[in-house]
1. For residues that are open to solvent by less than 30 Å² (accessible area, probe 1.4 Å) and either of a type in the set (Lys, Arg) or over 14 Å from the mean Cα position of the chain (by Cα) (or both), tally how many sit in the range 48-78.
2. Of the residues that sit in the range 98-107 and are in a loop (DSSP other than H, G, I, E, B) and hydrophobic (A, V, I, L, M, F, W, C), which one is farthest from Lys37 (Cα to Cα)?
3. Filter the range 120-135 down to residues that are in contact with a Leu (Cβ under 9 Å, 6 or more places away or on another chain) and of a type in the set (A, V, I, L, M) and give me whichever is least open to solvent (accessible area, probe 1.4 Å).
4. Run Leu24 past the list (1) in a helix (DSSP H, G or I); (2) open to solvent by 10 Å² or more (accessible area, probe 1.4 Å) and report the number of the one that doesn't hold.
5. Considering each of Leu108, Leu24 in turn, give the residue that is closer than 26 Å to Glu129 by Cα and touching a Phe, Trp or Tyr at 6+ places or on another chain (Cβ under 8 Å).
6. With of a type outside the set (Asp, Glu) and on the phi < 0 side of the Ramachandran plot as the only criterion, which of Asn43, Asn48 stands out?
7. May I ask you to verify whether Leu108 is surrounded by 18 or more Cβ atoms within 10 Å (Cβ to Cβ) and touching a residue at least 24 places away in the same chain (Cβ under 8 Å)?
8. Within the range 71-97, which residues are under 30 Å from Pro35 (Cα atoms) and in a loop (DSSP other than H, G, I, E, B)?
Amino acid sequence: LIDVETNPTVKIFDLRIAEKIRELHMRINAQGYPPYKNEVSKNVYTLNYKKIGYKEEPFVVSPYTNNNLPFVITGQGDIFVDYSSDLYHVLRNKNVKVKPGEDIRHILTDDSLFVPAYSLPYTINQKNEPIFLAK
């Protein structure tokens with residue numbers, strides 16, 4: 001459900017995303033700790049996938065663009081899909097009005113049956129590019 005208070009709407013998400021995140025958690029748990037690689041935002045990191053047994057970076061296919069989307073992990077070990085490229089695509093190709101500090105994930109759900117599952121909040125920077133929304 002999205003817009004619960006104003007306009008309750010049911011959206012769907014791809015269960016393959018949940019399965020891939022479950023797999024990532026199992027590999028991290030088997031190692032005992034997340035192998036953080038780079039910090040991409042405050043408390044948001046990429047992973048060193050080789051240390052948990054991957055030969056290539058895992059990804060999920062976007063329900064919006066069919067592009068491959070990477071994963072990010074928080075300092076608490078929670079894994080999320082990085083929808084930055086999808087958000088960037090919508091911001092460049094559609095006439096949407098958003099403001100810095102506003103969670104912009106709604107621009108993905110406005111014209112889609114899908115919700116950005118396992119997503120951190122995003123906003124825009126001064127260049128109108130999507131960035132993770134710091135709390």
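The values are calculated or read from the model by the stated rules, or taken from the named source; none is laboratory data. A quick note: this is a predicted structure, and the numbers were derived from the prediction, not measured. We place every Cβ from the backbone using ideal geometry, glycine too, and count neighbours over all the protein chains shown. These accessible areas exclude ligands, DNA and RNA; they are computed on the full protein's heavy atoms, side chains included. Shrake-Rupley method; radii C 1.70, N 1.55, O 1.52, S 1.80 Å.
1. Applying the first criterion (open to solvent by less than 30 Å² (accessible area, probe 1.4 Å)) to the range 48-78 yields 49, 52, 54, 58, 60, 62, 69, 71-74, 77.
Subsequent filtering for residues that are either of a type in the set (Lys, Arg) or over 14 Å from the mean Cα position of the chain (by Cα) (or both) retains 49, 52, 54, 77.
Total meeting the criteria: 4.
2. Here is the first cut: in the range 98-107, the ones in a loop (DSSP other than H, G, I, E, B) are 98-105.
Narrowing further to those that are hydrophobic (A, V, I, L, M, F, W, C): 98, 104.
On the way: Val98: 31, Ile104: 26 Å.
Ranking the qualifying residues of the range 98-107, first place goes to Val98.
3. The selected residue is Ile124.
4. Leu24 satisfies all of (1) in a helix (DSSP H, G or I); (2) open to solvent by 10 Å² or more (accessible area, probe 1.4 Å) except (2).
5. Just one listed residue meets the conditions, Leu108.
6. On the way: Asn43 fails: on the phi < 0 side of the Ramachandran plot.
After ruling out the rest, the residue left standing is Asn48.
7. Here the answer is yes, as Leu108 does meet what is asked.
8. Scanning the range 71-97 gives Gly75, Gln76, Gly77, Asp78, Asp82, Tyr83.
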